[in-house]
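Each reported figure results from applying straightforward, stated rules to the coordinates on display, with no laboratory input. Everything numeric here is computed off the predicted structure, so don't read it as measured data. Counting neighbours? That spans all protein chains shown, and the Cβs are built from the backbone with ideal geometry, glycine included.
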Amino acid sequence: ADRRAAAAAVGPGVTSDGHRVPLLANIGGPADVPAALAAGAEGVGLFRTEFLYFGPEGAGGSSGAEPPDEETQRAAYRQVFEAFPEGRVVVRVLDAGADKPLPFLRGADEPNPALGVRGLRALLERPDILDTQLRALASAAEGLPVRAEVMAPMVADRAEARAFAVACRAAGLRAECGAMVEIPAAALRARALLREVAFLSIGTNDLAQYAFAADRQLGAVARLQDPWQPALLDLVAAAAEAAAAEGKGCGVCGEAAADRQLACVLTGLGVTSLSMGASAIPGVRATLARHTRAQCGRAAAAARAADSADDARAAALAVLSGE
Ligand code: PEP
Ligand code: MG
């Protein structure tokens, strides 16, 4: 039992029958790297780069009044890349907009900020900001063995995925570029997105918000934000199946991946990597190691057959506990 506990405390994510599911960390900057390494993260599945753009001065090198310059960004990205010499580091380009306003982005007089010019939409309006970030990422990864990848937040359709891929190539980025699946339309048409990009990463926080028309910040609608909602699992399955059909990866980097049993269900749905806050990694690793891939698949089917989040959770738990 001691040996099993030790193996679960470090090492890669894997089911009891040897199916690999890399366990990656969500980070907000170089300051989060030590915790990720201590938890045995195999890399970074979501590097939220917003910290560089939002003040206060000193935190990320920007006062928030204007975007950080290319060299400031390069230094921050390189610090993270150097920390995972053998690993994969997925950097998300700036995810801002009317909900997280920045003085240098378009004025925030939108009546529905969550439905406005945010995420990739904002960057496509300001190609100068996107290009500076992509060039900084390209030069930060130069000469390092890290598997650096870049992804765009809030991709809605194939045209947006293509615009991002074109910008990545124009910036000289050799890294693979991917799309986050946070909008139901993107999950439903994942195959079209994959004609343009190399991988998908599902942001379950926003995907739940938009699938259920339920503000993720609003406690009154928290019930609808439950990541066990079968409709959310259906959307995850749609994206994962599309990626499998295209022979490409589809990770999850939202809070859902941090729930041990749900991590097994996501694995059963065909998700190929799980990224979460570092503190959740050991628990997810240990739970995954106790179940076969087939058991994860049965738990996923049981959860999707339910009509509520609570019933889905109970049904999956029954399968995973061997009932
Ligand atoms: C998400 O929406 O699930 C996500 C990972 O991105 P963020 O939480 O930064 O919006
Ligand atoms: Mg999001």
>> Report the gain in length on full extension from residue 104 to residue 286: 0.36 nm times residue separation, minus Cα-Cα distance, nm rounded to one decimal.
In response: 61.1 nm
> Which ³J(HN,Hα) values in Hz, rounded to whole numbers, follow from the phi angles of region 302-314 under the Karplus curve 6.51 cos²θ - 1.76 cosθ + 1.60, where θ = phi - 60° and Gly and Pro get x?
Replying inline: 5, 5, 5, 7, 7, 10, 8, 4, 4, 5, 5, 4, 5
>> What are the ³J(HN,Hα) couplings of region 18-32, residue after residue, when phi is run through the Karplus curve with 6.51, -1.76, 1.60 and θ = phi - 60°? Round to Hz, x for glycine and proline.
In response: x, 7, 7, 9, x, 9, 10, 9, 8, 10, x, x, x, 5, 8
> For the chain, modelled as a Gaussian network with Cα springs under 10 Å, which listed residue fluctuates most, 69, 206, 109?
Replying inline: 109
>> List the residues, sorted by chain then number, that are 5 or more residues from residue 249 or on another chain and whose placed amide H is less than 5 Å from its amide H.
In response: 200
> Is region 219-323 rounded, prolate or oblate when judged by the Cα gyration tensor, a ≥ b ≥ c being the square roots of its eigenvalues, rounded requiring a/c under 1.5 and prolate requiring a/b larger than b/c?
Replying inline: rounded
> Residues with beta-carbon under 15 Å from that of residue 71, excluding residue 71: net charge, scoring Lys, Arg +1 and Asp, Glu -1?
Replying inline: -2
> residue 97's amide H: which non-local residues (gap 5+, or another chain) put their own amide H closer than 5 Å, with H modeled 1.01 Å from N in plane and none for Pro or chain starts?
Replying inline: 102, 119
> Sequence-distant or interchain residues sharing an amide H contact under 5 Å with residue 180, placed H: which?
Replying inline: 152, 154, 155, 201
>> If I model a spin label at residue 17 and residue 125 as a point 7 Å from the Cα along the Cα→Cβ vector, what separation in nanometres do I get?
In response: 5.0 nm
> Once phi is turned into ³J(HN,Hα) by the Karplus curve 6.51 cos²θ - 1.76 cosθ + 1.60 with θ = phi - 60°, what whole-Hz value does each residue of region 70-79 show in order, with x for glycine and proline?
Replying inline: 4, 5, 4, 5, 3, 4, 5, 5, 5, 4
> Could you give the length gained on full extension between residue 317 and residue 37, defined as 0.36 nm per residue of separation minus the Cα-Cα distance, in nm?
Replying inline: 97.8 nm
